[in-house]
């Protein structure tokens, strides 16, 4: 166990991080649904809306990398406080401006997250902080709680995004004004996180003898894992939720109400399944947990593509949901385990940001495939790509030491 690791899940700082992640998850879920509606109501063209959404993704990615690569020098608690202030400023900026160029600037330099994934300045810092407070055997459990809190809160936030329009009709104000004011709620969430994170222990943020490079001893291992994770994410881009909804509609003429129910249930199954990952990883190890749960999920994607009826396709997708997210806490724990403590923030950034960017490269191709055929070619490609990732991960890293000693490996399987 690292010298800074404490008792684990019952540590007050762990509870603060998990609570802060839930607050942020609610805010992200709220604005991810609200953003496009609000910008459209302002009169922005689809191109302008797309530019702002792209700006949020690219800006968040750059900030996330920057925060992660500075974590070993500045201190994790300090970075979290700065991120909370930036979040509050982002909400104020979107409430204050209604012109395209100022909003684009705020989108690029702010923390707004319009996607289901977490490309955020908070992400590498929170994960590195949790890794400092929790010893290795308990990390999968804590990361599962961390992810579960975010998923459930984001679902509630997405539902709450309809409130501004309802309130506007009740009180007699315009919908766009009500939506604009709602961004102040995002700012308030940032301030709540600021207050919460100000109570984090200062000693966990201490920086002692910071090396010149953010990734030094574990650089090769982190970059190799990042490349593998990006392959998985690119394959996953073929089957993001919106594309699965489109495929079910084109293939089986499934109604909007039915698809909403399917993916609500799938979300609950996926969130709950993460709680099983810690027990499994304690028995068979982190890498085997990632591969052995991901492989059946990938196979079920391919089977869904060949399903002759909507019922069978939905059954495959829901069964897949039981396995598809179990690798997440194991993956996060593995990255934190195989690097030196002062490399954790950088490792979280370097492994997460390329994953998110890779997943943004393939949805367009999936859309082109569905334009020409209603057969589930995107599901087949995604399933095969993910299986290739699983087998490569298992082949190259099944013997990777799942502790800080792994930082000295000289190559895959070393």
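Evaluate the stretch 140-159: report whether one residue or more is surrounded by fewer than 19 Cβ atoms within 10 Å (Cβ to Cβ) and under 15 Å from the mean Cα position of the chain (by Cα).
Scanning the stretch 140-159, I find at least one residue that is surrounded by fewer than 19 Cβ atoms within 10 Å (Cβ to Cβ) and under 15 Å from the mean Cα position of the chain (by Cα), so the answer is yes.
Of these, 142, 108, which one is in contact (Cβ under 8 Å) with a residue 40 or more places away in the chain, assigned to a helix (DSSP H, G or I) and touching a strand residue (DSSP E or B) at 6+ places or on another chain (Cβ under 7 Å)? Working first, answer last.
On the way: 108 fails: touching a strand residue (DSSP E or B) at 6+ places or on another chain (Cβ under 7 Å).
Answer to the selection: 142.
In this structure, is residue 385 assigned to a helix (DSSP H, G or I), touching a residue at least 12 places away in the same chain (Cβ under 8 Å) and either assigned by TED's automatic domain parsing to the domain that holds residue 124 or out of contact with any strand residue (DSSP E or B) (no Cβ under 9 Å at 6 or more places or on another chain) (or both)?
Numbers: assigned to a helix (DSSP H, G or I): yes; touching a residue at least 12 places away in the same chain (Cβ under 8 Å): yes; either assigned by TED's automatic domain parsing to the domain that holds residue 124 or out of contact with any strand residue (DSSP E or B) (no Cβ under 9 Å at 6 or more places or on another chain) (or both): yes.
It is true that residue 385 is assigned to a helix (DSSP H, G or I), touching a residue at least 12 places away in the same chain (Cβ under 8 Å) and either assigned by TED's automatic domain parsing to the domain that holds residue 124 or out of contact with any strand residue (DSSP E or B) (no Cβ under 9 Å at 6 or more places or on another chain) (or both).
Taking residue 277, is it farther than 20 Å from residue 393 by Cβ and buried (at least 16 other Cβ atoms within 10 Å of the Cβ)?
Values: farther than 20 Å from residue 393 by Cβ: no; buried (at least 16 other Cβ atoms within 10 Å of the Cβ): yes.
No.
Residues in the stretch 190-202: is at least one modelled with pLDDT under 85 and surrounded by fewer than 14 Cβ atoms within 10 Å (Cβ to Cβ)?
First, pick out the residues of the stretch 190-202 that are modelled with pLDDT under 85: 202.
Checking the rest, the ones that are also surrounded by fewer than 14 Cβ atoms within 10 Å (Cβ to Cβ) come to 202.
Yes, the conditions are met somewhere in the stretch 190-202.
The values are calculated or read from the model by the stated rules, or taken from the named source; none is laboratory data. Owing to the predicted nature of the structure, the values given are computational and were not obtained by experimental measurement. Cβ coordinates were reconstructed from backbone atoms using ideal geometry, including for glycine residues, and neighbour counts include every protein chain displayed.
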